[in-house]
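Engineer: Here's a structure for you.
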Amino acid sequence: MDSKVTYDIIIVGAGIAGLTAGIYAGRASKKTLILEGSTYGGQIINTPDVQNFPGESHISGAGLMSKVYAQAKDCGAEIEFENVEKIQRGDDGIFVVHASDENYYAKTIIIASGTRNRKMNIEREDDFMGHGVSFCATCDGSLYRNAAVAVYGGGNSSISEASYLTSIAKKVYLIHRRDELRASGTAVEDFMACQNSELILNSTIAELKGSDKLESIVLNTPHGKRELQVAALFIAIGREASIDYIDGLDKDPDGYVIAGEDCQTNIPGVFVAGDIRTKNVRQLVTAASDGAIAVNSALAYMRSAD
Ligand code: NAP
């Protein structure tokens, strides 16, 4: 189906960057549509306690994002829950956004579709996904009450996931490939202080075992193989960039869309905001900042095109 209207700005993604862009575009009285393939809120919705968003000392990620979502709608941004499959520019300069249910039209595009969980890329990972293997302890941890579970990774997310699980599971293994964790702050000591925690360093996950659900994992350790009987494995080995719905974008070797602080990509009229942009600091506030700047750049582009 074809929508007949031409939007000033179509924003792909309803995380903090996309919703903030929606707030700014709506406040600038621009006809704005946000397209989101799954749930609004982005990756932060799985974080139980956000402590570093200005004005909020303690708030759940989901709680914070429901406020930002309501604010974007109040400011006039429209939101549709559809997957964006392809974006192309027509001969008239207008972008055609092919979404799962409908085609939409826009003068400018803001890409704010974020990053996705990095997989381990080992055998049976996909088979066990949802059957013991998960990317989200706060979503699925309660399924494994009083069981032994493992978390894989060494960054702040892995510690946050593992610490959360110590209050639910019988035993929590945190497995990291190097001899020291990347995670910072007191969270590491807090995790280590739990009686049911065990940190396993210098180890990688070699094998997943089980019939129709995960039953154990096999590690490569400096002392050889070690098998852990666990009902769940939570993967927290970072995120990666991937955009395949628009051709011709300049990206860095890791797949992040190249743009400076003005959020302008190499394609005129296409802007990028949030974690998918090349940048040094990926935080809620920097993603929100991008959302505002991308709209500002889109407004300037539309003025110059008039
Ligand atoms: P991250 O900091 O990139 O950490 C990813 C971890 O996974 C690293 O320890 C890395 O190992 C490991 N890893 C990467 N690829 C791997 C592979 N193929 N196999 C095995 N291990 C692999 O990611 P994150 O923990 O998701 O955090 C992302 C960002 O959000 C960070 O900036 C983080 O500080 C921030 N964050 C902050 C908080 C907070 O409370 N302040 C909470 C969560 C996240 P190496 O260390 O060996 O590279």
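Engineer: Find the accessible area per residue for segment 225-306; the probe is 1.4 Å, ligands and nucleic acids are left out, and the unit is Å².
Structural biologist: Details: 3740 Å² over 82 residues.
Heavy-atom accessible area per residue stands at 46 Å².
Engineer: Right, something else. Would you calculate the volume per residue, in Å³, of the smallest convex hull containing every Cα atom of segment 1-123?
Structural biologist: Measuring per residue, one finds 128 Å³ for the Cα hull of segment 1-123.
Engineer: Also, I was wondering about something else. Compute the angle between helix 16-27 and the longest alpha-carbon principal axis of the chain, please, reported from 0 to 90 degrees and rounded to the nearest 10.
Structural biologist: 20 degrees
Engineer: Using only the Cα atoms of segment 125-235, what are the Rg and Dmax in Å?
Structural biologist: 12.8, 39
Engineer: Next question. Given the DSSP H assignment, sum -39500 (n - 2.57) over each helix run of at least 4 residues in the chain and divide by its residue total; what's the result at 222 nm in deg cm²/dmol, nearest 500?
Structural biologist: Calculated from helices alone, the mean residue ellipticity at 222 nm is -7000 deg cm²/dmol.
Engineer: Follow-up question, since we're still on this one. Net charge near Phe234: determine it from the other residues with C-beta under 11 Å of the C-beta of Phe234, scoring Lys and Arg +1 and Asp and Glu -1.
Structural biologist: Once positives and negatives cancel, what remains is -2.
Engineer: When only the heavy atoms of the protein chains count and the probe is 1.4 Å, how do Arg277, Arg282 rank by accessible area, highest first?
Structural biologist: So, going from the largest accessible area down, we get Arg282, Arg277.
Engineer: While we're here: Whose amide H sits under 5 Å from the amide H of Asn103, counting only residues 5 or more places off or on another chain, with H placed in the peptide plane?
Structural biologist: Sorted by chain and number, the residues that satisfy this are Asp2, Ser3.
Engineer: Quote to one decimal, in nm, the extra length available between Gln88 and Thr204 on full extension: 0.36 nm per residue of separation minus the C-alpha distance between them.
Structural biologist: 37.6 nm
Engineer: To continue, here is another question. Connecting C-alpha atoms closer than 10 Å in a GNM of the chain, tell me which of Ala14, Ala147, Ala112 has the biggest fluctuation.
Structural biologist: Top of the fluctuation ranking is Ala147.
Engineer: Order Arg239, Arg177 by their accessible area, 1.4 angstrom probe, all chains in place, largest first. Mind dumping the intermediate values first?
Structural biologist: Numbers: Arg239 65, Arg177 165 Å².
Sorted descending by solvent-accessible area, the residues read Arg177, Arg239.
Engineer: Pairing rule first: another cysteine's C-beta must sit under 4.7 Å. Under that rule, which cysteines of the chain stay single?
Structural biologist: Those would be Cys75, Cys194, Cys263, since no other cysteine Cβ in the chain comes under 4.7 Å of theirs.
Engineer: With both bridge residues required to lie in the chain, what share of the DSSP beta bridges run antiparallel, to the nearest 5%?
Structural biologist: Details: 27 of 62 bridges.
Counting only bridges with both partners in the chain, antiparallel ones make up about 45 percent.
Engineer: Which residue, Gly93, Gly224, Gly291, tops the fluctuation ranking in a GNM of the chain built on C-alpha contacts under 10 Å?
Structural biologist: Taking springs between Cα atoms under 10 Å, the residue moving most is Gly224.
Engineer: Which percent of Cα-Cα pairs in the chain sits in each 10 Å bin, short to long?
Structural biologist: Over the chain, the share of Cα pairs per 10 Å bin runs 6, 26, 29, 21, 14, 4, 0 percent.
Engineer: So if we plug the beta-carbon distance of Val281 and Ala147 into 1/(1 + (r/R0)^6) with R0 = 45 Å, what FRET efficiency do we get, rounded to 0.05?
Structural biologist: After rounding to 0.05, the efficiency reads 0.75.
Engineer: While we're here: Tell me the net charge near Ser216. Cut-off is 9 Å between Cβ atoms, Ser216 excluded, with +1 for each Lys or Arg and -1 for each Asp or Glu. Don't skip to the answer; put the middle values down first.
Structural biologist: On the way: positive: Lys209; negative: Glu207, Glu215, Glu227.
Residues near Ser216 contribute -2 overall.
Engineer: Let me ask something additional. Considering only protein heavy atoms and a 1.4 Å probe, what is the carbon-and-sulfur percentage of the accessible area of the chain? Display every interim value, and only then the final one.
Structural biologist: Details: 6610 of 14650 Å².
Summing carbon and sulfur atoms, their accessible area is 45 percent of the total for the chain.
Engineer: Tell me the angle of helix 284-305 to the major Cα principal axis of the chain, expressed in degrees between 0 and 90 and rounded to the nearest ten.
Structural biologist: Tilt relative to the chain: about 20 degrees.
The values are calculated or read from the model by the stated rules, or taken from the named source; none is laboratory data. Every value quoted in this text rests on a predicted model; they were computed, and no experiment measured them. Neighbour counts run over all protein chains shown; Cβ positions are idealised from the backbone, glycine included. Ligands, DNA and RNA are stripped out before the accessible areas are found, and what is left, the full protein with its side chains, is counted by its heavy atoms. Shrake-Rupley method; radii C 1.70, N 1.55, O 1.52, S 1.80 Å.
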